[in-house]
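Worksheet: the structure to be examined is printed underneath.
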Amino acid sequence: MLLPQTWWGYALNYLIVFASGGACCIAAQLLIIKTKLTPARILVIFLLAGIALQTVGIYEPLAAALRSGICVPIIGFGATLAKGAAEWAAEYGPLGAFAGGLVETAFGVGVAVAASYIVSVVFSPKSK
Amino acid sequence: MTAKSQTLKFENKPRIIAGMSVVGRKEGDGPLGKYFDEIDDDPKMGKGSFEKGESAMFATAVAGAAKKAGLRPFDFDALFAGDLLNQLISSNYAARELPVSYFGLYSACSTMTEALSLGAAMINAGYYRTAACVTGSHFAAAERQYRYPLEYGCQRPPYAQWTVTGAGCSVLSIKGDGPYISSATIGRVADYGVTDANNMGAAMAPAAFETLLAVLDDTGLSIEDFDAVFTGDLGRLGARILRDLSAERGVCLGQKYSDCGEMIFSREQNCYSGGSGAGCSACVLNSFILDKMRKREYNKVLLMATGALMSPTTSFQGESIPAISHGIILEND
Amino acid sequence: MTDKIAKRNKTYIEYVEKVSPSTNATHSLIKAFAIGGATCVIGEILRNLLALAPSIDDKAAAVYSSVILVTAAIIMTGTGVYDNIARHGGAGSFLPIRGFANAMSSAAMEFRSEGLITGTAVKMFNVVGPVIVNGIVWSAASGTIVWLVSVIASL
């Protein structure tokens, strides 16, 4: 955290997180309203934005300042993918680029796949 | 447009002697709730899946209509059925249980009037004495085929429509009591270039408009001659567009016109622009419209069910949405 | 003839655009902002709380907090609560990582009726597939570029 660890530091931090996270969502919502893009396309656009930000090196300073405000939206997922790819490429050569992203995001994706599987066994969808 | 007539006139008066409507909870809670014959709380009808539930709804509708007509399901000479699912599974699997000649029809949400047109034509020609016409749709089953998983959180635009869960069956017969089908106007596919699959009202309104003009041209009637004019499932937006299109041609629909999709859900039910689906016009016809005709509140009704003939595949390929509308005229003696 | 139809369609589409009710923009933007922002704040609270544990550093805490968000979203999807929030949230509910989890689990549940192997397992990535595929392809491209740049720089 860049801000001091005092009560106002935390309060300001949460405010920044709320504002920046909300701003990302507003941008996506504007895309929906103005362009009629489907959610899947918008997710991919923001994911690619995250990868691009990470590649050119802007993401990390942003993430230090905005913290969860940028890493909880899918942008953070893209950035983690790109970061992993770059780190693994540095360590294992170009082939590492294909593994690094997957490895770094495997926590979230792995849990999501397993949890989805379990949920699909336990629950069934409801007609509205 | 060619001057060729699109209308079949039926001199032998094939009649709708009975109708049965089966709907889900949401439709039952709607403004037309009290007209429906059966309201089912369980969207799966006690079966294992939504598709089986839809099929069970079909079977219930056919059996109920037969009972009301004083017949048994195997007394029918033929069954004209259709639904929205791929390969018409709901109709086909419901027909599996019925030992009668079976026509599986697909005309999206306008299947009900297509089935009635064909059934009436067969009966008028003397090939059959009684026939059952049944169509239905199911919100959950249609949703997973055409859109997203049920529990997927997504917003729809305000002009989207809500697929009706329900099935309606009409029994057509050469003798008996009930309103007769005096003519059927078989629509032509109309495509005005709408590509937004959520905006089916706008895609279908031109089809209803062209069919309406054809009905008026071919029969020489005017809107004033009808007690009521219904479209199948244009929704609030589509109904408005149809009014505008007609007004441009000097046809004023006025108070006599309503849309089944608009009637079936109230604004408070969060169903966006209104109901849609093959079950929509089928349920409203076999409950509300037949009821009003029996009570002689309506003596001459034009029903034009409308269908958007798209599939997810064509939508993804960027195709526009063709639409069709078939109209039938119901009359009391 | 085709010109005439194209012209008719153009006029019609323009007319449809005009009469179609649009989503109440301000309203939906505010909701997207509030729900999206709130999700991020929850993530941040979890992250800060987890970081209090001596064995977890800030980076690990971020991973754990997103795992918790994902799991929570999947459970909410299973119990049928999620889509009620999402109907209001719009982008505010699908853009944060839990939207990804919702998309995956809703597809998994939806196709359970076609079997665990032929339904759930096949269709789980129905909605999120594009994210995974694009993520892998473009992150690999990005990693390769970064590697190339570093190689060239070290020459």
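FYI, it's all coordinate maths here, none of it is from the lab. Since this is a predicted model, take the numbers as computed values, not measurements. When we count neighbours, we look across all protein chains shown, and the Cβ atoms used for this are built from the backbone with ideal geometry, even at glycine.
Name the one entry in A:Val56, A:Val121 that is over 15 Å from the mean Cα position of the chain (by Cα), surrounded by fewer than 21 Cβ atoms within 10 Å (Cβ to Cβ) and closer than 23 Å to B:Leu150 by Cβ.
That would be A:Val121, the only listed residue that is over 15 Å from the mean Cα position of the chain (by Cα), surrounded by fewer than 21 Cβ atoms within 10 Å (Cβ to Cβ) and closer than 23 Å to B:Leu150 by Cβ.
Wholly within region C:66-155, which helices (runs of 4 or more DSSP H) include no fewer than the required count, namely at least 3 residues that are within 13 Å of chain B (Cβ to nearest Cβ) and surrounded by fewer than 22 Cβ atoms within 10 Å (Cβ to Cβ)?
Helices (runs of 4 or more DSSP H) meeting the threshold: C:82-89.
Show me the helices (runs of 4 or more DSSP H) entirely contained within region B:222-323 in which 1 or more residues are under 18 Å from C:Val19 (Cβ atoms) and either under 21 Å from the mean Cα position of the chain (by Cα) or free of Cβ contacts under 8 Å to residues at least 60 places away in the same chain (or both).
It comes to B:235-248, B:260-264.
How many residues are in contact (Cβ under 8 Å) with a residue 24 or more places away in the chain and within 14 Å of chain C (Cβ to nearest Cβ) if we restrict to region B:114-143?
Total satisfying the criteria: 5.
Can you pull out the residues in region C:1-26 that are surrounded by fewer than 13 Cβ atoms within 10 Å (Cβ to Cβ), outside any helix (DSSP H, G or I) and of a type outside the set (Ser, Thr, Tyr)?
Selection gives C:Met1, C:Asn24.
Restricting to region C:94-123, what's the tally of residues that are hydrophobic (A, V, I, L, M, F, W, C), touching a Gly at 6+ places or on another chain (Cβ under 8 Å) and free of Cβ contacts under 8 Å to residues at least 24 places away in the same chain?
Result for region C:94-123: 2.
Which members of region B:144-179 meet the condition of being within 12 Å of another protein chain (Cβ to nearest Cβ), over 25 Å from A:Cys25 (Cβ atoms) and surrounded by fewer than 21 Cβ atoms within 10 Å (Cβ to Cβ)?
Correct list: B:Gln145 only.
If you go through region A:48-68 one residue at a time, do you hit one that is facing chain C (nearest Cβ under 7 Å) and charged (D, E, K, R)?
The answer is yes; a qualifying residue exists.
Condition first: at the interface with chain C (Cβ under 7 Å from one of its Cβ atoms) and of a type in the set (Val, Ile, Thr). Now tell me which residues in region A:12-41 satisfy that.
A:Val17, A:Ile26, A:Ile32, A:Ile33
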